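*Asks:* Pasting a structure below so you can have a look.
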Amino acid sequence: MSEDSTFSWGRLGIYAVLIAAAAFYLLPLYVMVVTSLKTMPEIRDGNLFALPHAPSLDAWRKAWTTACTGLACDGIQVGFRNSVNIVLPSVLVSIFVGALNGYALVFWNPRGGVWLFCALLVGAFVPYQVFIYPLTKMLAATGLFKTLSGLVFVHTIFGMPIMTMLFRNYFSSLPVELFNAARVDGAGFLAIFFQVMLPLSTPIIIVAVIMQVTGIWNDFLFGLVFGSGEGVPMTVQLNNIVNSTTGEREYNVNMAATILTSLVPLVVYLMSGKYFVRGIAAGAVKG
Amino acid sequence: MVSSKQSDEHWRSALAPYLALVPLFVVVVVFYLGTMAWSIGISFTGSKMLPVANFVGFAQYQRLFSEARWLFALRNIAFFGAAFMVSCLVAGFLLAVFLDQKVRGEGVLRSIFLFPYALSFIVTGLVWQWILNPGFGIQQAMRSLGWSDFTFSWITDQSLAIFAVAIAAFWQGSGLIMVVMLAGLRGVDTELWKAAKIDGIPTWRVYWSIVLPILRPTIATAVVLLAIGVVKAYDVVVAMTQGGPGIATDVPAKFIMDFLFQRQNIGLAMAGSTIMLLIVLILLIPYLHSQYFKQESRH
């Protein structure tokens, strides 16, 4: 039958399309890496896609320790430290609050809970420009504006919708008998949360950590508005390095800084593999 | 009879969830609804550098819609949104279909398509700014290979720059749509494929006439996700073109940020954000409504 040959032609076509697509997605990563290893004369005279003649890590060193972001020239390592200091507390607090909210909403069914949840969803979807100005005023009034704690606070309150949603959906999938049995045994609100629900939540906590670490690490808008001069996250520093108007554009340093900025989310992505996909699917399905 | 100790306990456990939800309640009322109401309120005042309370009706909105820059930003977001959403939906669906043919190395390919989604829009914007830069990127590379007439300068072309931004956003976001579509395809009943094979229906026909209609809820989710991304578009523009050349890639989010923090016209900026809020609510309410009713019927 001729179907066999059309079948294999079809398979060839499928692989050709998939490999071409893979090349498109990998191309910018390749350009970043290759350029970061070149010298400036080589970049100026050469081809963007050519391999470096004599690969060197000088641009990486400069990006990390001496590149100028605005007035300071201490490299992107400052932003790295800031981002770590912002991400750790924001991720911990937002996940804890989200889990507690989800648990209270699902199992205790408080009056008006559905309305509260719907109003919360607004925070997940509405453009942040609507909130930003009054928020700067509020933080200024409490002395939190342009402080690290203020930035952590903003990430926490804007992480609440997606985290609450995630845990609410997860807890609704657990059998309610678990909760009822714990109540019959006399366990109270917090005891059930800490002793029954949290130990059962490992898969969704992993998903939540991935979503929050990548989301907060990659933030630019909040860092720009609520971060202080030296306390800005890595993304803001990167933008300052690259779009600074003084001097010649050092593409190799810029690309090294770009790779350094994306290392944390990339490592999270590569290490968490299928959890990342699951987290995105879970986050995607519900918003 | 309920002893007083028991009723005390009952009271405490009935109160606990409400106490636990107090922070959520405060955040929703003060930081979401409160700030939103404040922003809308300010849009009806003549606030310039500082918020003031003189009511001016729709004057800010009139000014907003007579600003060429705002109208251009709206036009841009429509162009960007259409290009970005259509390309992500088509490519996401096709990649998912191709990946769903029991190919080797599915996991690796899926990771390759999705990894840009892990990156900041700042990173994405910068990388594509370099690749699309005519003096340095693809155009220069092709010319140095001998095609001396090769031209690909969308990013510096006033009328095409917004599509250059869409390329970067597509690179970042299409993998997510692929994952969503793949999840949808995996949910299609395998019996359907057997039945279609027995009936001798061509594969593309099955996808077009049967699978696509089944995937309607999946596609709706993808559309909402993409649309929200479009309205929020800011970082990628700042990193890639800073709104330029001229105002060729200005978007409403950037317009509002500039008028808030550089041009010091809060009333006008807030009128802009109120318009954005309206657009999102119009997109969102039907979706939340359907989601919400689905959840209700499950209980």
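*Asks:* What is the gain in length, in nm to one decimal, between B:Arg63 and B:Phe261 on full extension, counting 0.36 nm per residue of separation less the C-alpha to C-alpha distance?
*Replies:* 69.4 nm is the gain from fully extending B:Arg63 to B:Phe261.
*Asks:* Across every pair of different alpha-carbon atoms, what Kirkwood hydrodynamic radius in Å does the protein assembly as shown reach?
*Replies:* 25.9 Å
*Asks:* If you don't mind, there's one more thing I want to ask. List the pairs from A:Lys274/B:Lys232; A:Lys274/B:Lys102; A:Lys274/B:Lys197; A:Lys137/B:Lys232 whose alpha-carbon separation is above 20 Å, in the order I gave them.
*Replies:* From A:Lys274/B:Lys232; A:Lys274/B:Lys102; A:Lys274/B:Lys197; A:Lys137/B:Lys232, over 20 Å: A:Lys274/B:Lys232; A:Lys274/B:Lys197; A:Lys137/B:Lys232.
*Asks:* Let me ask something additional. Using helices alone, I'd like the mean residue ellipticity at 222 nm for the protein assembly as shown: each DSSP H run of four-plus residues gives -39500 (n - 2.57), total over residue count, nearest 500.
*Replies:* Result for the protein assembly as shown: -22500 deg cm²/dmol, rounded to the nearest 500.
*Asks:* Using a cut-off of under 12 Å, list every residue of region A:23-37 whose amide N is near the label point 7 Å from the Cα of A:Asp58 along the Cα-to-beta-carbon line.
*Replies:* Inside the label zone: A:37.
*Asks:* Further question: What is the spin-label model distance, in nm, from B:Leu278 to A:Ser173 if the labels are put 7 Å beyond Cα along the C-beta direction?
*Replies:* Modelled inter-label distance: 4.0 nm.
*Asks:* With the Cα gyration tensor of region B:220-269 giving a ≥ b ≥ c as the square roots of its eigenvalues, does the rule (a/c under 1.5 for rounded; else a/b larger than b/c for prolate; else oblate) give rounded, prolate or oblate?
*Replies:* Here region B:220-269 falls in the oblate category.
*Asks:* Also, quick follow-up: May I ask for the distance between the Cα centers of region A:66-144 and region B:55-100, given as a whole number of Å?
*Replies:* 26 Å
*Asks:* Would you calculate the separation in nanometres between label points at B:Leu212 and B:Lys48, each defined as 7 Å from the Cα along the Cα-to-beta-carbon direction?
*Replies:* A separation of 5.5 nm, rounded to one decimal place.
*Asks:* Translational diffusion coefficient, Stokes-Einstein: compute it for region A:1-117 using the Kirkwood radius over C-alpha pairs as Rh, at 4 °C and 1.567 mPa s, and state it as an integer in µm² s⁻¹.
*Replies:* Approximately 64 µm²/s, per Stokes-Einstein.
*Asks:* Going 7 Å from the Cα of B:Trp204 along its beta-carbon direction, which residues of region A:11-39 have the amide nitrogen within less than 18 Å of the resulting point?
*Replies:* A:11-18
*Asks:* Here's a follow-up. Plugging the Kirkwood radius over Cα pairs into Stokes-Einstein for chain B, at a temperature of 10 °C and a viscosity of 1.306 mPa s, what D comes out in µm²/s?
*Replies:* The diffusion coefficient I find is 69 µm²/s.
*Asks:* Using the Kyte-Doolittle scale, find the helices of chain B whose mean hydropathy is at least -0.5 and whose Cα atoms extend 27 Å or more along the helix's long axis, counting only whole DSSP H runs.
*Replies:* Both cut-offs are met by B:68-99, B:161-186, B:266-298.
*Asks:* If the elastic network links every pair of Cα atoms under 10 Å, which of B:Glu191, B:Glu106, B:Glu67 fluctuates the most in the Gaussian network model of chain B?
*Replies:* B:Glu191
*Asks:* Decide, for chain A, between rounded, prolate and oblate: order the square roots of the alpha carbon gyration tensor eigenvalues as a ≥ b ≥ c, take rounded if a/c falls under 1.5, and otherwise choose prolate if a/b is larger than b/c, else oblate.
*Replies:* It is oblate, given that a/c is not under 1.5 and a/b is not larger than b/c.
*Asks:* Okay, next question. Normalized C-alpha radius of gyration of region B:143-182, against 2.2 N^0.38 Å?
*Replies:* 1.65
*Asks:* Under 5 Å between amide hydrogens, which residues at least 5 positions from B:Thr45 or on another chain qualify, with H placed 1.01 Å from N in the peptide plane?
*Replies:* Excluding prolines and chain starts, which carry no amide H, the hits are B:Val56.
*Asks:* I need the GluC sites (Glu not before Pro) found in region A:199-287, filtered to DSSP loop residues with at most 12 other beta carbons within 10 Å of theirs.
*Replies:* Filter output for region A:199-287: A:Glu248.
*Asks:* Next up: Between A:Glu248 and A:Gln195, how high is the FRET efficiency from 1/(1 + (r/R0)^6) when r is the Cβ-Cβ distance and R₀ = 41 Å? Nearest 0.05.
*Replies:* 0.10
*Asks:* Same structure again: What relative contact order, as a whole-number percentage, does region B:196-298 give when Cα pairs under 8 Å and 6 or more residues apart are counted?
*Replies:* 18 percent
*Asks:* Calculated FRET efficiency, B:Leu145 and B:Asp100, Cβ-Cβ r, R0 35 Å, to nearest 0.05?
*Replies:* After rounding, the FRET efficiency stands at 0.45.
*Asks:* Can you give the longest run of chain B that contains no trypsin sites (Lys or Arg not before Pro) sitting in a DSSP loop with at most 11 other Cβ atoms inside 10 Å?
*Replies:* Segment B:105-299 is the longest.
*Asks:* Ok, one more. How far is helix A:251-272 tilted off the main Cα axis of chain A, in degrees rounded to 10, range 0 to 90?
*Replies:* Relative to chain A, helix A:251-272 is tipped by roughly 30 degrees.
*Asks:* Next question. Identify all aspartates and glutamates with a Cα-Cα distance to A:Lys146 below 15 Å; exclude those on the same chain that are fewer than 8 residues away in sequence.
*Replies:* A:Glu230
*Asks:* Continuing with this model, one more query. With equal scatterers on the alpha carbons only and no solvent term, can you work out the Debye log10 of I(q)/I(0) for region B:149-275 at 0.11, 0.17, 0.19 1/Å?
*Replies:* -0.60, -0.93, -1.04
*Asks:* Same structure again: Classify region A:82-151: rounded, prolate or oblate, from the alpha-carbon gyration tensor (a ≥ b ≥ c, eigenvalue square roots; a/c under 1.5 rounded; otherwise prolate if a/b is larger than b/c)?
*Replies:* Oblate is the answer for region A:82-151, as a/c is 1.5 or above yet b/c matches or exceeds a/b.
*Asks:* Return the single residue from B:Leu64, B:Leu215, B:Leu50 with maximal mean-square fluctuation; model: Gaussian network over chain B, springs between Cα atoms under 10 Å.
*Replies:* Of the options given, B:Leu50 has the highest mean-square fluctuation.
*Asks:* Can you tell me which of B:Ala239, B:Ala16, B:Ala222 moves the most in a GNM of chain B? Springs connect C-alpha atoms under 10 Å apart.
*Replies:* With Cα springs under 10 Å in chain B, the top fluctuation among B:Ala239, B:Ala16, B:Ala222 is at B:Ala16.
Every number here is computed from the coordinates shown, using simple stated rules; none is lab data. Note that this is a predicted model, so its numbers are computed, not measured. All Cβ positions, glycine included, derive from the backbone under ideal geometry; neighbour counts span all protein chains shown.
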